[in-house]
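Student: This structure is in structure tokens; I'll ask about it shortly.
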Amino acid sequence: MTSTSTTTRSTWSNWAGSVTARPVRVERPRSVDEVVEVVRRAREEGLRVKPVGAGHSFSAVAQAPDVQVDLTDLQGLEHADPGTGRVTLAAGTRLHAIPPLLSHLGLDMPNLGDIDRQSISGAVSTGTHGTGLDHGGLATQVVGLTLVDGTGRVRTLTQEDPELAGAVVGLGALGVVTSVTLQLAPAFVLRAVERPEPLQHVLESFVERCRSEDHFEFFWFPHTHVASTRTNTRLPHDVPLAPLRRRQRLVDEVLLANGAFAAACRLGVHAPSLVRPVNRASARLLARREFTDRSHRVFTTSRRVRFHETEWAVPVEALPSVQRDVDALVRRHGWRISFPLEFRAAAADDLWLSTAHGRTTGYVAAHRYHREDPGDYFAAVRDVALAHGGRPHWGKMHDLDLGTLAGLYPRMGDFLALRDLLDPDRVFANAYLERVLGA
Ligand SMILES: Cc1cc2nc3c(=O)[nH]c(=O)nc-3n(C[C@H](O)[C@H](O)[C@H](O)COP(=O)(O)OP(=O)(O)OC[C@H]3O[C@@H](n4cnc5c(N)ncnc54)[C@H](O)[C@@H]3O)c2cc1C
């Protein structure tokens, strides 16, 4: 029997600073056996266990009531099969660590979200996604996983097991995932075109462009008529690269996207009347750039300005109406919103709790600077999204409970039954899970 590294931690906080926890203890297991030991010991003591990844969820999904399981020491490539393009990664592996692990295999993750700081298990557990109608979220890349369930039993699920579709977007409610096996794509390059365009034109062409382009998305600054579009085209891995120069990337992302934007947000807090002119100026200055680079360098950027976020999945055809409804609400309430909204799309999938379950999906994400109260604005975006059959991103802020969620997820009953099987004593419960899944 090995012994895990146990510490006490005064206070844990998520990336946005919106959720804190004071766990009784923090365990850092280094092996599957140590995870088993952590779960069994906590169960015997009547304590609840919560695995945590990189703490990048805005919701309280990762909040540890008693024992926090930090997977920092469970990282790396466990197995690779270049023939099938399948790799098994330890659950705590950070997304940014994956491309270097894959480069000698000629493989890439088929799609990614906006950033790469998350852990692979945290990202798939909440249904993290990028954009592109031919591609599902990261969880759709999972073809197998191993977890330690609430009784301390190690279970491996493969595509032969129907429960895999339930366990992948598991919200940390079913067990501590110790490894995931991903189906990857042959390495590819992306050509990115970013430019400002008239909002009206982008709304009218959104669904068609999502269908015709590999990866299409846009940002919209409230109080403006401009959309900042981003179109990524997949190219073979051996085309010549034309990456952003390091200096240009630094200027665009660190100074303009993050530094100047942070200053604008701070200004908005102290002088709300300036939000509209500042947004209009920002929209005029929006990036117009083209570059070609390895896929992960194009998909992801750095986000240094702290914010709160809510995101909703609706049928993709509804997304232009959602934008118009949100615009009307912002005008009606006279709100000054400094942060842009982001609009993306993803393929339908069959994962039980995936936000794209059973329907081709459009996503609307609303943000608020972390020093501003997101309450009324996020509630209004929620109501707009719900009117269009919206499902909330599990890792982002929302206040729905099981009563509403059960009507949005046709396989919710199956998920609850799987939870009863894998975690009968609710070792992995926390307040968030009690709200969205019931006791
Ligand atoms: C700046 C920023 C940008 C973002 N961009 C996107 C985006 O583009 N697209 C998108 O969809 N989302 C995005 N997100 C949300 C983010 O991807 C998700 O919230 C994701 O779950 C965070 O991963 P994490 O490793 O930090 O997990 P955590 O937040 O630490 O945990 C999330 C959940 O996973 C569970 N979990 C973690 N590890 C395990 C494990 N080993 N076993 C079982 N359960 C586990 C936790 O218990 C918890 O329930 C963004 C977040 C931030 C802060």
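The values are calculated or read from the model by the stated rules, or taken from the named source; none is laboratory data. Computed from a prediction, not measured in an experiment: that's the story for all the values here. In this analysis, Cβ positions are derived from the backbone assuming ideal geometry, glycine residues included, and neighbour counts consider all displayed protein chains.
Student: If I ask for residues that are closer than 17 Å to residue 88 by Cβ and either in the same structural domain as residue 363 (by TED's automatic domain parsing) or within 6 Å of the ligand (Cβ to nearest atom) (or both), which ones from the range 107-120 would you list? Reasoning before the result, please.
Tutor: First, pick out the residues of the range 107-120 that are closer than 17 Å to residue 88 by Cβ: 107-110, 119-120.
The answer is 119, and nothing else.
Student: Suppose we filter 69, 32, 36 for residues that are under 30 Å from residue 307 (Cβ atoms) and within 14 Å of the ligand (Cβ to nearest atom); which single one remains? Before the answer, list the steps.
Tutor: Numbers: 32 fails: under 30 Å from residue 307 (Cβ atoms); 36 fails: under 30 Å from residue 307 (Cβ atoms).
Within the list 69, 32, 36, the selection yields 69.
Listed here are the residues, each with its yes/no results for (1) out of contact with any Pro (no Cβ under 9 Å at 6 or more places or on another chain); (2) surrounded by fewer than 21 Cβ atoms within 10 Å (Cβ to Cβ); (3) aromatic (Phe, Trp, Tyr); (4) not in a helix (DSSP H, G or I).
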{"position": "179", "(1), (2), (3), (4)": "yes, no, no, yes"}
{"position": "191", "(1), (2), (3), (4)": "yes, yes, no, yes"}
{"position": "200", "(1), (2), (3), (4)": "yes, yes, no, no"}
{"position": "203", "(1), (2), (3), (4)": "no, yes, no, no"}
{"position": "206", "(1), (2), (3), (4)": "no, no, yes, no"}
{"position": "211", "(1), (2), (3), (4)": "yes, yes, no, no"}
{"position": "223", "(1), (2), (3), (4)": "no, yes, no, yes"}
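Student: On to the next question. Within the range 73-92, track down each residue that is charged (D, E, K, R), in contact (Cβ under 8 Å) with a residue 40 or more places away in the chain and more than 14 Å from the ligand (Cβ to nearest atom). First the steps, then the outcome.
Tutor: Let us first name the residues in the range 73-92 that are charged (D, E, K, R), namely 73, 78, 81, 86.
Now narrow it down to the ones that are in contact (Cβ under 8 Å) with a residue 40 or more places away in the chain: 73, 78, 86.
Across the range 73-92, the qualifying residue is only 86.
Student: Out of the residues in the range 121-144 meeting the condition of being within 22 Å of residue 62 (Cβ to Cβ) and more than 9 Å from the ligand (Cβ to nearest atom), tell me which one is surrounded by the fewest Cβ atoms within 10 Å (Cβ to Cβ).
Tutor: The qualifying residue surrounded by the fewest Cβ atoms within 10 Å (Cβ to Cβ) is 141.
Student: Tally time: how many residues in the range 406-434 are away from the ligand (no atom under 16 Å from the Cβ), part of a loop (DSSP other than H, G, I, E, B) and charged (D, E, K, R)?
Tutor: 2
Student: Can you find a residue in the range 397-413 that is among the acidic types (Asp, Glu) and free of Cβ contacts under 8 Å to residues at least 12 places away in the same chain?
Tutor: From the range 397-413, those among the acidic types (Asp, Glu) are 399, 401; that's our starting set.
Filter once more, so that each one left must be free of Cβ contacts under 8 Å to residues at least 12 places away in the same chain: none.
No, every residue in the range 397-413 fails to be among the acidic types (Asp, Glu) and free of Cβ contacts under 8 Å to residues at least 12 places away in the same chain.
Student: Counting residues that are closer than 28 Å to residue 138 by Cβ and modelled with pLDDT of 95 or more, which helices (runs of 4 or more DSSP H) fully inside the range 265-375 reach at least 1?
Tutor: On the way: elements: 275-284, 295-299, 319-333.
Counting at least 1 such residues, we get 295-299, 319-333.
Conditions (1) basic (Lys, Arg); (2) in contact (Cβ under 8 Å) with a residue 12 or more places away in the chain; (3) exposed (fewer than 15 other Cβ atoms within 10 Å of the Cβ), marked per residue:
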{"position": "299", "(1), (2), (3)": "no, yes, no"}
{"position": "306", "(1), (2), (3)": "yes, yes, yes"}
{"position": "320", "(1), (2), (3)": "no, yes, no"}
{"position": "326", "(1), (2), (3)": "no, yes, no"}
{"position": "334", "(1), (2), (3)": "no, no, yes"}
{"position": "351", "(1), (2), (3)": "no, yes, no"}
{"position": "356", "(1), (2), (3)": "no, yes, no"}
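Student: Okay, next question. Is it the case that residue 399 is more than 16 Å from the ligand (Cβ to nearest atom), surrounded by fewer than 20 Cβ atoms within 10 Å (Cβ to Cβ) and under 18 Å from the mean Cα position of the chain (by Cα)? Spell out how you get there, then give the answer.
Tutor: On the way: more than 16 Å from the ligand (Cβ to nearest atom): yes; surrounded by fewer than 20 Cβ atoms within 10 Å (Cβ to Cβ): yes; under 18 Å from the mean Cα position of the chain (by Cα): yes.
Spelling it out, residue 399 is indeed more than 16 Å from the ligand (Cβ to nearest atom), surrounded by fewer than 20 Cβ atoms within 10 Å (Cβ to Cβ) and under 18 Å from the mean Cα position of the chain (by Cα).
To keep it simple, each residue is scored yes or no on (1) at pLDDT 95 or above; (2) out of contact with any His (no Cβ under 9 Å at 6 or more places or on another chain); (3) more than 10 Å from the ligand (Cβ to nearest atom).
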| residue | (1), (2), (3) |
| --- | --- |
| 161 | yes, yes, yes |
| 175 | yes, yes, no |
| 190 | yes, no, yes |
| 196 | no, yes, yes |
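Student: Now for a separate question. Sort through 126, 140, 181 and tell me the only one that's β-branched (Val, Ile, Thr) and within 21 Å of residue 32 (Cβ to Cβ). Let's see the steps before the verdict.
Tutor: On the way: 126 fails: within 21 Å of residue 32 (Cβ to Cβ); 140 fails: within 21 Å of residue 32 (Cβ to Cβ).
The conditions single out 181.
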